[in-house]
Amino acid sequence: MTNGSGGHGGAARPGQAPQGYPQQSGAQATTDIGRLLLRCRDNHGIIAAVSAFLADAGANIISLDQHSTAPEDGTFVQRAIFHLPGLPAALDGLQERFGATVAERFAMDYRFTEAAKPKRVAIMASKTDHCLLDLLWRNRRGELEMTVAMVISNHPDLADQVRPFGVPFFHIPATRDIRAEAEQRQLQLLCGNVDLVVLARYMQIITGDFIEAVGCPLINIHHSFLPAFIGAAPYQRARERGVKLIGATAHYVTEVLDEGPIIEQDVVRVDHTHSVTDLVRLGADVERAVLSRAVQWHCQDRVIRVGNETVVL
């Protein structure tokens with residue numbers, strides 16, 4: 001969240017449909033549904049102040065979920081879903097008044113969003129296709145609340161697989177030797193055009209300069225063998241060590257490689273009968289599921305960052 005933009009409660013658990021949404025289908029169901037995410041130091045009266053503000057604005061609170069990291073002097077986070085007739089026209093004024101009357105009082109980071117406006121997402125991939133194609137397939141089926149604006153790859157291999165989804169595909173070669181040039185070309189496509197970048201097995205280092213310049217969050221997926229099996233052929237080396245669990249981790253990207261705030265994780269049990277091929281297949285299944293959940297929760301404004309952790313409401 002940004003300034004002018006992050007316990008107890010009744011919101012749906014992660015992975016469930018949000019509570020309180022009207023039962024109609026299509027845009028009419030969410031046109032006047034808003035979301036408010038906030039984060040601040042815990043203090044007396046926050047819930048009352050937020051609820052009173054929304055009520056005075058004519059909004060009906062549908063769902064309210066919050067959490068404090070400690071009984072005293074903790075960090076307070078909250079996600080509110082509300083219905084307000086005429087929300088699209090009223091949103092800018094609502095945000096401004098909230099900032100002046102509530103957020104300033106509690107030194108809040110906060111963000112208002114419209115449920116009817118899906119986030120524009122760019123997917124970056126290399127040669128491995130399972131995470132990329134899974135996101136495109138789920139999005140086409142209406143399972144993900146997002147619009148895929150583009151796919152960027154440092155290899156041309158996946159262009160034919162992306163084409164049937166009707167998503168623009170951009171091939172921008174990227175290696176260590178031309179990384180700066182490649183990132184500048186990527187930024188020309190991304191900056192101001194997307195709300196989220198998903199690294200769907202994009203096998204290039206993302207620099208701190210890129211993270212700072214892109215202007216939106218990045219979500220990455222990787223196997224959960226780190227740090228034990230870093231680098232090439234992790235499943236081969238995991239098999240040689242006789243691992244009993246394999247899994248995946250989806251996290252926000254920071255300048256520190258693979259140490260950003262974790263959004264979602266999952267594992268599957270394996271044993272001595274599984275070959276390396278089996279491990280790769282099972283690992284791909286877990287990666288697909290974990291990444292799709294993390295992307296969905298972000299697009300539903302369910303994830304609030306608290307330091308190097310996340311709270312998923």
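Candidates are the residues of region 42-78 that are of a type outside the set (S, T, N, Q) and touching a Ser or Thr at 6+ places or on another chain (Cβ under 6 Å); the one that is surrounded by the most Cβ atoms within 10 Å (Cβ to Cβ) is F76.
With respect to the stated conditions, F210 is modelled with pLDDT of 95 or more, assigned by the TED database to the domain that holds H155, closer than 21 Å to V256 by Cβ and open to solvent by less than 30 Å² (accessible area, probe 1.4 Å). Restricting attention to region 188-207, the residues that are over 21 Å from V290 (Cβ atoms) and open to solvent by 20 Å² or more (accessible area, probe 1.4 Å) total 7.
For region 222-232, residues that are at pLDDT 85 or above and at positive phi total 0. Here is the figure for region 79-121: residues that are crowded, with 19+ Cβ neighbours inside 10 Å, among the hydrophobic types (A, V, I, L, M, F, W, C) and within 30 Å of L132 (Cβ to Cβ) total 2.
The values are calculated or read from the model by the stated rules, or taken from the named source; none is laboratory data. Note that the coordinates shown come from a computational prediction; the quantities given were computed from them, not determined experimentally. We place every Cβ from the backbone using ideal geometry, glycine too, and count neighbours over all the protein chains shown. What goes into the accessible areas is simple: the full protein's heavy atoms, side chains included, and nothing from ligands, DNA or RNA. Shrake-Rupley method; radii C 1.70, N 1.55, O 1.52, S 1.80 Å.
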